[in-house]
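Following: one structure in structure tokens, then a few remarks.
Just so it is clear, none of the values below were taken in a lab; they were calculated from the coordinates. Computed from a predicted model, the values in this text were never measured in an experiment. When we count neighbours, we look across all protein chains shown, and the Cβ atoms used for this are built from the backbone with ideal geometry, even at glycine.
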Amino acid sequence: QVQLVESGGGLVEPEGSLRLSCGASGRTFSSDAMGWFRQAPGKERDFVAALTSNGGSTVYAESVKGRFTVSIDDAKTMMSLQMNALKPEDTAVYFCAAGHFSYSDQLYFEPDYWGQGTQVTVSS
């Protein structure tokens, strides 16, 4: 639908921090929700964090709770993922996604379209 572009990836030492950003060519997000997934080599793509486009509600994977924070700016043009206390197991390609929430057994973020991804490597 629209092209999402991630930025901010790179190499960081364990316990370090990175901030990822996602935008849609300067346009305001129109999806109901935005979120992040990640995929390590040889593994499936896993959910990381998501929020409603108005920023009112957030959900996180258990593995990143207390370390990562997802947010959207007031203009609804940029989504960020602040990553603190990074661990080697956080190493992956991180993908921005636009989508919506659904509920079955629990609340799920359902991606509708994706960015190209940005590499995050946590290593000493």
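General observations
- Table column - 3J(HN,Hα) (Hz), segment 9-14, Karplus curve with 6.51, -1.76, 1.60, x for Gly and Pro: x, x, 9, 9, 7, x
- Neighbour net charge for Asn54 - beta-carbon separation under 15 angstrom, K R +1, D E -1: -2
- Computed E for Ala75/Trp114 - FRET, C-beta separation, R0 22 angstrom, nearest 0.05: 0.50
- Spin-label pair Gln106-Ser7: with each label point 7 Å from Cα along the Cα-Cβ axis, the two points sit 3.4 nm from one another.
- Net charge of Cβ neighbours under 13 Å - reference Leu18; Lys, Arg +1; Asp, Glu -1: 0
- Quick note on the chain: its Rg to Rh ratio, both from C-alpha atoms and Rh being the Kirkwood radius, is 0.94.
- When the alpha carbon gyration tensor of segment 1-59 is reduced to an equivalent ellipsoid, the three semi-axes, largest first, read 22, 14, 14 Å.
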